[in-house]
There are 2 protein chains.
Amino acid sequence: MKNMLNLDAILAETLDAATKGYPPSSPPLPISAIGAQRWSLFAGELPLPQAVIRDSALAHNHAWMRDFTTSTGVLLAPHGKTTMAPQIFAQQLAAGAWGITVANVQQLGICVRFGVRRIIMANQLIGHAEVGAVLQLQEAHPGLEFHFLIDSRAQLASIEQLAPAHTSSRKLNALLELGFPGGRTGARTFDEAFDIARAIAASEAVALSGLECYEGLQLTGDSGRDESVVAALMQRVHDLALACDREGMFAGPAIILSAGGSAAFDIVARDLPIQLSKPALTILRSGCYVTHDSGFYNRMLEGMKARSGAVWQARPGLQAALEVWSQVQSCPEPGLAILTMGKRDASFDLEMPIAGKRYRRGSDAAPQPVPASWKIVNMNDQHAYLRFSTEADAAPQVGDLVGCGISHPCTTFDKWRVLFTVDDDYRVTGAIRTFF
Amino acid sequence: MKNMLNLDAILAETLDAATKGYPPSSPPLPISAIGAQRWSLFAGELPLPQAVIRDSALAHNHAWMRDFTTSTGVLLAPHGKTTMAPQIFAQQLAAGAWGITVANVQQLGICVRFGVRRIIMANQLIGHAEVGAVLQLQEAHPGLEFHFLIDSRAQLASIEQLAPAHTSSRKLNALLELGFPGGRTGARTFDEAFDIARAIAASEAVALSGLECYEGLQLTGDSGRDESVVAALMQRVHDLALACDREGMFAGPAIILSAGGSAAFDIVARDLPIQLSKPALTILRSGCYVTHDSGFYNRMLEGMKARSGAVWQARPGLQAALEVWSQVQSCPEPGLAILTMGKRDASFDLEMPIAGKRYRRGSDAAPQPVPASWKIVNMNDQHAYLRFSTEADAAPQVGDLVGCGISHPCTTFDKWRVLFTVDDDYRVTGAIRTFF
């Protein structure tokens with residue numbers, strides 16, 4: 001198997017109460033033994049705040065994406081930056097992913113360490129330590145297939161300057177990044193991109209293995225507008241791919257065409273594939289689908305469903321697998337409750353966490369949906385402000401547990417060194433180790 | 001010594017390239033051996049991004065705060081949540097700090113583990129796992145002096161319900177929190193606070209060890225307004241302290257009066273001390289002074305200097321010790337450079353990082369100040385957008401290193417498991433381990 005991971009080092013790692021979220025009165029345990037403890041969130045066996053991943057939703061999302069890629073014929077290299085959790089990478093590969101995407105050389109190193117052997121760094125390779133590390137990894141792992149991005153002659157020249165200093169038995173593989181005016185990285189025009197492609201094709205250190213773009217930053221959630229914007233970018237990738245292919249610039253047995261796809265994978269999967277002189281691999285890099293969310297990506301999915309045909313509209317969508325639970329520590333004035341959760345614990349960059357569930361020990365048998373008025377309006381480092389209507393709805397009480405969905409999984413994962421997985425009764429079934 | 005820490009476990013911990021920022025091609029090393037490597041940021045021996053703490057600024061800030069507390073007579077329990085680094089706690093205690101403040105029971109556990117024996121949890125104690133852990137820590141460490149906050153009878157009742165389930169040889173120590181309308185936690189009125197104080201004083205599980213308030217959220221940077229707002233809160237603390245003292249509600253040999261103080265420690269140190277029937281300990285909990293910053297807290301310090309007398313205005317202020325360095329990976333269009341640093345690496349909650357220094361290998365002997373127009377305008381998970389004037393100023397180039405000051409140290413520290421300390425030549429002198 002090309003992509004079988006070895007997670008032994010993670011499973012053998014011992015956790016204790018130095019790790020946020022670990023039960024403070026429990027003895028140290030190896031990660032492999034956590035699930036057997038069956039700690040219960042609602043029985044008070046876990047400290048709060050607590051970020052949990054719901055097993056059932058995670059499994060659903062893996063299956064959903066496997067079906068999507070199978071039915072559309074695209075390949076998936078899910079962005080590992082979202083979770084930075086080799087245990088989840090292993091699940092993604094087992095569900096059919098072609099490889100894993102990373103954002104930098106530290107993340108690349110984590111993937112290689114645990115056995116991932118097909119990796120796209122959806123970012124420019126730059127820097128002395130970084131280029132050296134990539135050359136070293138390629139030499140140490142002959143089976144490693146690694147692609148990174150180039151978007152300027154200056155970047156290519158800096159790599160060429162650093163590469164000869166090392167003994168290298170094979171070239172580095174670069175995807176040329178095509179961008180758009182006002183965007184992030186990526187060559188802005190066909191002429192500029194074609195010029196860089198020509199330079200890469202002529203390089204003794206680097207081979208051109210394909211093209212890359214990232215359409216995510218252009219999306220607004222306006223389904224019609226998003227469709228035309230993304231389709232136009234895919235067309236520009238086609239034009240460039242055909243031109244490079246005509247000139248024989250692409251090295252290797254196949255040509256990679258990759259786009260982001262987290263928020264518009266329907267359009268990418270439909271419009272990016274193209275016939276070239278060699279097999280073209282269409283690779284999506286969606287990262288957030290795996291836990292999905294209760295905010296931004298959920299709205300984007302709605303847009304996707306609106307655009308798609310009846311088959312996809314009838315299917316259940318992705319499910320929000322990631323929740324952050326905290327406790328009401330104070331109800332200091334009418335309409336305000338303060339929760340034991342803050343900027344250190346939950347995403348706040350796109351919007352505040354979304355209060356969704358409430359559990360009151362002693363009176364609730366299971367978590368209840370929160371009243372409609374409950375809304376997290378602000379967070380400090382270690383506190384959240386929950387506002388609610390004092391007229392219509394039931395008020396929270398000191399000691400209540402509140403479960404929040406989040407918007408943008410990446411910035412919740414990076415706040416936890418370990419996240420527990422839970423069953424539908426919120427009993428812990430295992431521990432997921434992150435590497436940020 | 002009451003507060004000598006044992007850092008052996010940290011110093012013996014082995015780091016390797018799985019840790020963000022660790023040189024990817026270096027062999028694993030114990031933390032104690034990092035400093036001897038003398039890795040150079042500018043020689044390309046470190047991967048980027050890299051968060052560094054400048055030794056000289058850190059030492060300056062320790063000395064500055066020691067002078068401040070000595071000259072004003074207040075005690076300091078610096079908020080550990082800022083750094084969550086026992087190595088820095090040890091420096092703070094060596095510089096005269098009375099104890100350490102924490103935000104939750106996980107942070108309390110870290111402090112106790114490494115030997116801190118005077119701890120204030122500037123937060124409500126709530127929850128089954130949390131109360132159990134506190135009782136267990138108190139039993140296991142007879143020398144531990146621990147105070148937490150109470151701001152409601154409901155919270156007190158929940159603690160009393162959980163406490164009898166354990167064998168406890170001594171009461172828990174609680175500070176009554178006084179708040180203000182529109183604020184965060186804390187009893188809003190004198191009557192409400194006095195009622196809770198009475199309940200605590202009558203409790204068999206909890207003793208009233210003092211009063212607490214947090215003035216930080218009221219501050220705006222408008223020096224005159226801030227002064228009157230904070231002075232009014234201190235007056236309310238006095239009124240409540242005198243009333244509770246008259247009724248003999250305070251247990252223990254001394255009475256603690258504690259305020260936040262990060263952004264207005266001058267006013268707190270001047271206005272909070274009071275004469276009571278027992279010795280009153282005035283304890284500030286400032287956390288951010290230790291690295292200071294280049295944004296919010298620096299503006300607050302300017303306000304403090306404006307309010308203070310000639311002596312403090314003439315002295316040098318706190319210095320920004322924390323910087324995040326990254327590299328220009330792309331200059332894709334006029335006036336825009338993209339840096340290898342994002343929301344995972346640097347604070348963005350109060351404002352974007354502040355570009356301050358630039359280093360170009362091959363042409364610069366030392367870091368240069370950046371041109372006036374350079375400004376970080378946005379960050380994604382792993383990228384920053386640097387805008388600059390194409391007319392007046394020198395443009396960044398692909399490969400340039402850019403050093404950014406940050407605003408709000410707490411939310412940069414929590415993005416790094418290890419931060420390197422550096423000398424004035426940006427050579428690594430050691431590694432600081434964080435516990436988030």
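Give the residue from A:19, A:61, A:33 lying farthest towards the positive end of the charge dipole for segment A:1-117; charges sit on Cβ (+1 for Lys and Arg, -1 for Asp and Glu) and the dipole is referred to the Cα centre.
It is A:61, whose Cα lies furthest towards the positive end.
Among A:264, A:201, A:232, which one moves the most in a GNM of chain A with springs linking Cα atoms closer than 10 Å?
Judging by the Gaussian network model, the answer is A:232.
With the radius of gyration and the Kirkwood radius both derived from the Cα set of chain B, what is their ratio Rg to Rh? Walk me through the numbers before you get to the answer.
Numbers: Rg = 23.2 Å, Rh = 23.1 Å.
On the Cα set of chain B, Rg over Rh gives 1.01.
Compute the angle between helix A:223-246 and the longest alpha-carbon principal axis of chain A, please, reported from 0 to 90 degrees and rounded to the nearest 10.
30 degrees
Hey, can you grab everything whose amide H is under 5 Å from the amide H of residue A:45? Only 5+ residues off in sequence or another chain; H modelled, so Pro and N-termini drop out.
Correct list: A:40.
Ignoring ligands, DNA and RNA, what percent of the accessible area of segment B:21-73 is carbon or sulfur (1.4 Å)? Could you put the intermediate results ahead of the total?
On the way: 980 of 1830 Å².
Looking at segment B:21-73 in its full context, I get 54 percent from C and S.
Taking 7 Å along the Cα-to-C-beta vector as the label spot, tell me the residue B:170-residue B:189 distance in nanometres, rounded to one decimal.
3.7 nm
Looking at segment B:374-407, which residues lose a minimum of 50 Å² of accessible area between their chain alone and all protein chains in place, measuring with a 1.4 Å probe and not counting ligands or nucleic acids?
Those are B:381, B:382, B:383, B:398, which lose 50 Å² or more relative to the chain on its own.
Counting only heavy atoms of protein chains, what accessible area per residue, in Å², does segment B:391-436 have with a probe of 1.4 Å? Could you put the intermediate results ahead of the total?
Values: 1230 Å² over 46 residues.
Dividing the accessible area of segment B:391-436 by its residue count gives 27 Å².
Once neighbouring chains are kept in place and the probe is 1.4 Å, which whole percent of the accessible area of segment B:305-356 is contributed by carbon and sulfur?
Details: 930 of 1590 Å².
Carbon with sulfur: 58 percent of the solvent-accessible area.
Using a cut-off of under 11 Å, list every residue of segment A:329-349 whose amide N is near the label point 7 Å from the Cα of residue A:377 along the Cα-to-beta-carbon line.
The answer is A:334-337, whose backbone nitrogens lie closer than 11 Å to the label point.
Within segment A:66-83, which residues have the backbone N less than 16 Å from the label spot 7 Å out from residue A:308 along Cα→beta-carbon, could you tell me?
Zone members listed by number: A:66-76.
What nm distances, shortest first, do you get from the label point of residue A:161 to those in the other copies when the point sits 7 angstrom along Cα to Cβ?
Between copies, matching label points for residue A:161 lie 6.7 nm apart.
Chains A and B: how much accessible area gets covered up at their contact, both sides added, probe 1.4 Å, in Å² to the nearest hundred?
On the way: alone 17440 and 17430 Å², together 29390 Å².
Counting both chains, the buried surface is close to 5500 Å².
Write down the accessible area per residue of segment A:303-382 in Å², having rolled a 1.4 Å probe over the full set of protein chains.
Details: 2990 Å² over 80 residues.
Normalised by residue count, the accessible surface of segment A:303-382 is 37 Å².
Under 5 Å between amide H atoms, partner at least 5 residues away or on a different chain: which partners does residue B:287 have, H built in plane at 1.01 Å?
Here the answer is B:79, B:262, since their amide H atoms fall under 5 Å of that of residue B:287.
Of the peptides B:111-118, B:323-330, B:134-141, how do they stack up when ordered by the mean number of other Cβ atoms within 10 Å, highest first? Before the final figure, lay out the partial values.
On the way: B:111-118: 21.4, B:323-330: 26.8, B:134-141: 17.2.
Highest to lowest by the protection proxy: B:323-330, B:111-118, B:134-141.
Determine the distance separating the Cα centre of segment A:298-339 from the Cα centre of segment A:208-246; give it in Å without decimals.
Using only Cα atoms, the two centres lie 29 Å from each other.
How shielded is A:336-349 by partner chains, expressed as the average number of their Cβ atoms within 10 Å of its Cβ atoms? Walk me through the numbers before you get to the answer.
Numbers: counts 4, 0, 8, 0, 8, 1, 5, 6, 9, 3, 0, 1, 3, 6.
Mean number of neighbouring Cβ atoms from other chains: 4.
Using a Förster distance of 30 angstrom, determine the FRET efficiency expected from the C-beta separation of residue B:247 and residue B:6, and round it to 0.05. Write out the running numbers ahead of the final one.
Values: r = 42 Å, r/R0 = 1.39.
With R0 = 30 Å, the Cβ-Cβ based efficiency is 0.10.
Evaluate peptide A:135-141: per residue, the Cβ atoms of other protein chains within 10 Å of its Cβ; return the mean as an integer.
On the way: counts 1, 2, 2, 0, 0, 0, 0.
For peptide A:135-141, the averaged partner shielding equals 1.
For segment A:333-365, list residues with backbone N below 20 Å from a point placed 7 Å from the Cα of residue B:351 toward its Cβ?
Backbone N within reach: A:349.
Considering only the label points, 7 Å along Cα→Cβ from Cα, what distances in nm to one decimal separate residue B:305 from the same position in each other copy, shortest first?
Distances to the matching label points in the other copies: 5.7 nm.
Could you check what % of the DSSP bridge pairs in the protein assembly as shown are antiparallel, to the nearest 5? Numbers along the way, then the final one.
Values: 70 of 136 bridges.
Roughly 50 percent of the DSSP beta bridges within the protein assembly as shown come out antiparallel.
If each residue of separation counts as 0.36 nm, what is the full-extension length gain between residue B:72 and residue B:202 once their alpha-carbon separation is subtracted? Kindly include the intermediate steps, with their values, before the conclusion.
Values: separation 130, 0.36 × 130 = 46.80 nm, distance 3.46 nm.
Extending this stretch completely gives an extra 43.3 nm.
If the label for residue A:9 sits 7 angstrom from Cα along the Cα-to-Cβ line, what are its distances to the same label in every other copy, in nm to one decimal, shortest first?
Relative to the other copies, residue A:9 has label-point distances of 2.3 nm.
Give the average, rounded to an integer, of partner chain Cβ atoms located within 10 angstrom of each Cβ in A:16-28. Display every interim value, and only then the final one.
Values: counts 2, 8, 7, 3, 8, 1, 3, 3, 11, 8, 2, 0, 0.
The per-residue average across the peptide is 4.
Specify whether the C-alpha gyration tensor of segment A:270-326 places it in the rounded, prolate or oblate class, a ≥ b ≥ c being the square roots of the eigenvalues: rounded for a/c under 1.5, otherwise prolate if a/b is larger than b/c and oblate if not. Numbers along the way, then the final one.
Working: a/c = 3.38, a/b = 1.75, b/c = 1.93.
Note, shape of segment A:270-326 comes out oblate.
The values are calculated or read from the model by the stated rules, or taken from the named source; none is laboratory data. Values in this document were obtained by computation on a predicted structure and should not be read as measured data. Neighbour counts are summed over all protein chains in view; Cβ atoms, including those assigned to glycine, are modelled from backbone coordinates with ideal geometry. Surface areas here come from the heavy atoms of the whole protein model, side chains and all, with no ligands, DNA or RNA. Shrake-Rupley method; radii C 1.70, N 1.55, O 1.52, S 1.80 Å.
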